[in-house]
Amino acid sequence: MDILIVEDNRMTAAHLEHIVVEIAGHKVIETTDDFDKIELLLETSNIDLVLLDIHLGKEIDGVEFSENLTKKGIPFVYITTTQNDETLNRAARSEPLGFVLKPYKTRDVLTAIKLAVANIEAKNDYLELRQKGGKMKLKYDEILFIKSCNVYVEVHTEKKTYVERILLKQILKKLASTKFARIHRSFIVNKSKIEICRNKSVIIGDIEIPVSSKYLDVLTEINNK
């Protein structure tokens, strides 16, 4: 998940970035309170989520700025110290994916991010692929597994195999982490399609897919569900 942090307090911004990257395991695109830079990032970067401070000490506040995010379809979570009912009501009407109230604890931020990611992934139930005829959307439920072939990937479904020039790690970022898992340097699987789990492999249909030692914990997680 690629996250933008909009926060004017440097210490708070640095702490949020630490939580997002080092603990939650996501990527921070930028940490800034410069609206011109933010507008440029919105146009040039793929941003999945924004952590947005309400009080930015600017001519407009975070609630007003959230209108720009809504227009572009970018979800956001508010970070705020405010206890003002009017401001909170305005903020609630802007339909954020959550609030984190300062002073916050690390688990407050982690919980807000986790819920936001789950909400985003629930709405996005397809993988967008580039094919000769243009872009196409392939529903998650149709995908069995994805295999890496150097700079290409093969997306396997029951009826057809689609090929796209993209790295496996790049396509993994496009997929819902709750539904897909990387189990080998060359394979991503749809967890719901696994029929049998073995010690070092899984069975999907009539295909046996290896699980490397690096990803055995993923296999354990799947087995426990």
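All of the numbers you see were taken from the coordinates with simple rules; none came from a lab. Worth saying up front: this structure is predicted, and the values here are computed from it rather than measured. Positions of Cβ are backbone-derived with ideal geometry, glycine not excepted, and every protein chain shown enters the neighbour counts.
Find how much the distance from LYS105 to HIS18 grows on full extension, using 0.36 nm per residue of separation minus their present alpha carbon separation; answer in nm with one decimal.
Extending this stretch completely gives an extra 30.0 nm.
Starting from the Kirkwood radius over alpha-carbon pairs of the chain, derive D by Stokes-Einstein at 4 °C in a medium of 1.567 mPa s and give it in µm² s⁻¹.
Numbers: Rh = 19.4 Å.
Taking Rh from Cα pairs, D becomes 67 µm²/s.
What number in nm² do you get for the range 126-223 if you take the convex hull of its Cα atoms and divide its surface by four? Numbers along the way, then the final one.
Numbers: hull surface 23.6 nm².
Mean projected area for the range 126-223: 5.9 nm², to one decimal.
State the extension gain, in nm to one decimal, for the chain segment bounded by ASN223 and GLU86, taking 0.36 nm per residue of separation less the distance between their alpha-carbons.
On the way: separation 137, 0.36 × 137 = 49.32 nm, distance 4.82 nm.
So the extension gain works out to 44.5 nm.
Normalising by the residue count of the range 42-136, find the relative contact order in percent from Cα pairs under 8 Å and 6+ residues apart. Write down the numbers at each step before the final one.
Values: 87 pairs, mean separation 20.3, N = 95.
Over the range 42-136, the number comes to 21 percent.
Compute the relative contact order of the chain as a whole-number percentage, counting only Cα pairs closer than 8 Å that sit 6 or more residues apart in sequence.
Working: 329 pairs, mean separation 24.2, N = 225.
So the answer I get is 11 percent.
Based on a Kirkwood Rh over C-alpha pairs, give the Stokes-Einstein translational diffusion coefficient of the range 41-130 at 4 °C and viscosity 1.567 mPa s in µm²/s. Write down the numbers at each step before the final one.
Numbers: Rh = 14.1 Å.
The estimated diffusion coefficient comes to 92 µm²/s.
Which whole-number percent gives the relative contact order of the range 126-223, counting Cα pairs below 8 Å spaced six or more residues apart?
On the way: 158 pairs, mean separation 18.3, N = 98.
19 percent.
If I fit a long axis through the Cα atoms of helix 62-71 and take the longest principal axis of the Cα atoms of the chain, what angle between them do I get, 0 to 90°, rounded to 10?
Roughly 40 degrees, rounded to the nearest 10.
Note down the nm distance, to one decimal, between modelled labels 7 Å out along Cα→Cβ at LEU216 and at THR32.
4.5 nm
Give me the one-decimal nm value for the distance between modelled label points at TYR152 and LEU42, 7 Å along each residue's Cα-to-Cβ direction.
With each label placed 7 Å out from Cα toward Cβ, I get 3.9 nm.
Please report the spacing between the Cα centers of the range 116-155 and the range 73-102 in Å, no decimals.
32 Å
Counting only residues 5 or more places away or on other chains, whose amide H sits under 5 Å from the amide H of GLY98 once H atoms are built in the peptide plane?
Counting only residues 5 or more places away or on other chains, the set is TYR78.
Near LYS132, which lysines are there with a Cα under 23 Å away, not counting those fewer than 8 places off in the same chain?
Reachable lysines: LYS147, LYS159, LYS160, LYS169, LYS173, LYS174.
Between ILE60 and SER186, take the C-beta separation as r, use R0 = 45 Å, and let me know the FRET efficiency to the nearest 0.05.
Values: r = 48 Å, r/R0 = 1.07.
Using R0 = 45 Å, I get an efficiency of 0.40.
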